[in-house]
Ligand code: MG
Ligand code: ZN
């Protein structure tokens, strides 16, 4: 008798994900049978031709599980659940200090965590692919902080950077910029916050300017306002103009524009579709504390706190903004024409942003949207098995599922939704310091999944910096791998 292999399982799920995203597909794992042969068949030590990295910002196991239960049901599975290899990624960052060794900071932000997989090295909060230093506002050294996307570009691979955030936000900036503070997104921002790193000061310039200089082939996301800033204080030449002169002659601004981009022969692609972050797929639904709910009787459960009968409104994104799936599909279409292969980073950014805001529907919708985009990539990987796909998160986040009858004390916000099972699920956000304030990141290790050549290297409990080696198609070298990991900051 022929047993279904992991490969056939993935083929089914990838095809299903593209054909009918949002429809729960029954899991195909052959539980109760030995999977050793199927897993062994998935192990390949070949160097991948293409690499696609998916980053769910703030997408810890809690966020993954919540999205799965809500959208696919208790017995359902997301696309990411179906990848053959899964590890856990340790993502602590560094505290500033005199060096050369730096103390760990167990709960970091998206900048040093993006630095970790981008460069294989750690740094301090707010910092992008640049070394640690004595204080957050004192620039470190860029020496040795070369990113996987720079390496891929210089190896002749096509390169792409896709995000639902401003493209100058920390996660897409990780592989594309070297700067001491993530706030320095456009030239005006850099003049204010990173004055010693502007081009006028002889530095590499703001994140937007550095991205134009990098020359990655396909850049898609939000953040038009950063690129609209003037290169010189008071000037009229913007970063958009600068990028055009650097070869970004295709600058789509709507979903239709993007659909009409068909080749890189006409120039590199800089597609920015909103002034700031892109619009979430699901309409917001705000978790609220018991204190707030008692003070606001008669609130609308479709906007605040939800109920056992509340479902998320899934039609929030305007049609002129492309979805993450559309951007991923277009990026793969354009980049895959390169004979040397390609490297692509795709970020589901607002999982984190809506988690900060205790917007439970916004958060779930962005998690599902990234999983749908993964479905697009898995369909490509099925036809092009020399492609490595890695899916991970930069750090963990606040949201927790609690018993649907539990009312958390004090200011912890909570919301209740009806899942596709028809059952209530309650989600709590408990790290804000006051009502309505931003909730914070958390420190639990995050998931990392992979399929394709070298995917087995993410198996087990790995360090976030180990992902750098896997992205480069390198077997972990002696002295870099986890088994010989040196002290902090090395
Ligand atoms: Mg991010
Ligand atoms: Zn965050």
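Brief remarks on what is shown
- Applying the set (1) modelled with pLDDT of 85 or more; (2) closer than 22 Å to residue 88 by Cα; (3) more than 16 Å from ligand 2 (Cβ to nearest atom) to residue 49 leaves exactly one unmet item: (2).
- Condition broken by residue 60, with the remaining ones in (1) under 30 Å from residue 135 (Cβ atoms); (2) in contact with a strand residue (DSSP E or B) (Cβ under 6 Å, 6 or more places away or on another chain); (3) away from ligand 1 (no atom under 16 Å from the Cβ) satisfied: (3)
- Screening the candidates 88, 118, 133, 129 for the property of being more than 16 Å from ligand 2 (Cβ to nearest atom), closer than 19 Å to residue 395 by Cα and either at pLDDT below 95 or surrounded by fewer than 23 Cβ atoms within 10 Å (Cβ to Cβ) (or both) yields one hit, 88.
Condition check ((1) away from ligand 1 (no atom under 16 Å from the Cβ); (2) in a loop (DSSP other than H, G, I, E, B)) across all residues:
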{"position": "113", "(1), (2)": "no, no"}
{"position": "121", "(1), (2)": "yes, yes"}
{"position": "132", "(1), (2)": "yes, yes"}
{"position": "143", "(1), (2)": "yes, yes"}
{"position": "153", "(1), (2)": "yes, no"}
{"position": "163", "(1), (2)": "no, no"}
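- Every residue from the range 189-212 that is in contact with a helix residue (DSSP H, G or I) (Cβ under 9 Å, 6 or more places away or on another chain) and either surrounded by fewer than 22 Cβ atoms within 10 Å (Cβ to Cβ) or more than 14 Å from residue 128 (Cβ to Cβ) (or both): 189, 198, 199, 200, 201, 202, 203, 204, 212
- Any hit, the range 59-80, residues being closer than 30 Å to residue 311 by Cβ, more than 16 Å from ligand 2 (Cβ to nearest atom) and without any contact (Cβ under 8 Å) to a residue 60 or more places away in the chain: yes
The values are calculated or read from the model by the stated rules, or taken from the named source; none is laboratory data. Just so you know, these numbers come straight off a predicted model, no measurement behind them. For neighbour counting, all protein chains shown are included, and Cβ atoms are generated from backbone atoms with ideal geometry for every residue, glycine included.
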